[in-house]
Amino acid sequence: MRRRLIDAGLIGLAVLDIWIDLWSDAPVSIASGVIGCAALLLRRRMPRTAFALTLPCALLEAALVAPFVALYTLAVRSRDRRFLAACATLFALAQASPSPFQDDPVIDSDTLVYLAYGVATAAVPVLLGQLVLTRRDLSRRIEEIEEVKEHERVLHAQAILAQERAQLAREMHDVVSHQVSLIAVQAGALQVAAPDEPSREAARTIRSLSVGTLDELRTMVALLRGAGDDTTQLAPQPTLADLKALVTGSGIEAVLTGDPDLTVGTPVQRALYRTVQEALTNVRKHAPGAAATVELWRNGLTAGVTVTNTPPTRPALPLPGARQGLVGLQERADLLNGTLESGPTADGGFQVRMALPVN
């Protein structure tokens, strides 16, 4: 719309210019003026043709606006300065040459003056057009430089992140994995040397949990080292079908109720699994001797899990913890538009309940 208004205004200005300086009512002269004004409609798509069609009106009617605009458009769209100089020369000659329909005699000195005036007039649209073209090129170049700088910043940030991931992977492999491996070895030795069955069962549970933790740590180390590599293979994520094994190997007295074959999406299954995993881990750490009940349920378009444990039967050991487990579960619930509730029960136990939409 804006371009159409500009074109209409320029054509109107060209018509006014020719009408004011109209020298003759000869059909050829009038036709050249009409063609020159109409040619401005072609200046964006065919600037060379538009400029050529405006030259006759510059010669026959001393028109200024139409060839000026056409030459400016040509200068904006062309980088061939020799060609632009030739066009400017033609414009200047058309302006300086006496019109065949001009009644007054032309003096040679006046022709030189008109030529100088025409050269100056023709230089203006060429210089303006080249200035605009150069400005556009500079703007485009600046944008390209900014894009390159942004790309370099992204690459730099990725390089720093890769270094941090590599360092974290080394620490996990050299420290955490080593210590968990020692726990698994010591638990295996205890399992063999334990004098009674309860001790051997406890050692077996510790060894099983240590081996599982070691496998997860190795997977995390591989993922951290291969971050950003499209060929990195992700380990299979747990689903509700793995809950039975998780509850059985939790190392505490736990019971799973409900249907593990709930027809829910993979993100929901993973969130419910991690909720049970975190809740049972907290029971082992903070409620020694407590029993737990894991209940899977579905109510219409909502599915969830409730983990409830009884009060502890002995004091908890002062184990270190980051206190981020429930925070992470809350973030999972928020991402899936669900809810997480946790808190003590009336009998002194603790309950964690996550509910997630399944539609």
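The values are calculated or read from the model by the stated rules, or taken from the named source; none is laboratory data. For clarity, every value in this text was computed on a predicted model and none was experimentally measured. Positions of Cβ are backbone-derived with ideal geometry, glycine not excepted, and every protein chain shown enters the neighbour counts.
Annotations
- Check on Ala290, free of Cβ contacts under 8 Å to residues at least 40 places away in the same chain and at negative phi: no
- Evaluated against (1) farther than 30 Å from Gly289 by Cβ; (2) surrounded by 16 or more Cβ atoms within 10 Å (Cβ to Cβ), Leu190 falls short on exactly one condition, (1).
- When Gly265 is tested against (1) within 25 Å of Glu216 (Cα to Cα); (2) buried (at least 16 other Cβ atoms within 10 Å of the Cβ), just one condition goes unmet, and that condition is (2).
- Elements of type helices (runs of 4 or more DSSP H) contained in segment 1-92, each with 1 or more residues being exposed (fewer than 15 other Cβ atoms within 10 Å of the Cβ) and at pLDDT below 85: 2-20, 27-38
- Test: residue in segment 274-285 that is closer than 19 Å to Leu240 by Cβ, in a strand (DSSP E or B) and among the basic types (Lys, Arg): no
- Any hit, segment 312-327, residues being closer than 20 Å to Thr239 by Cβ and basic (Lys, Arg): no
- Scanning segment 278-298 for residues that are modelled with pLDDT of 90 or more and surrounded by fewer than 21 Cβ atoms within 10 Å (Cβ to Cβ) returns Ala291, Thr293, Glu295, Leu296, Trp297, Arg298.
- Evaluated against (1) under 17 Å from Ala245 (Cα atoms); (2) free of Cβ contacts under 8 Å to residues at least 24 places away in the same chain, Val305 falls short on exactly one condition, (2).
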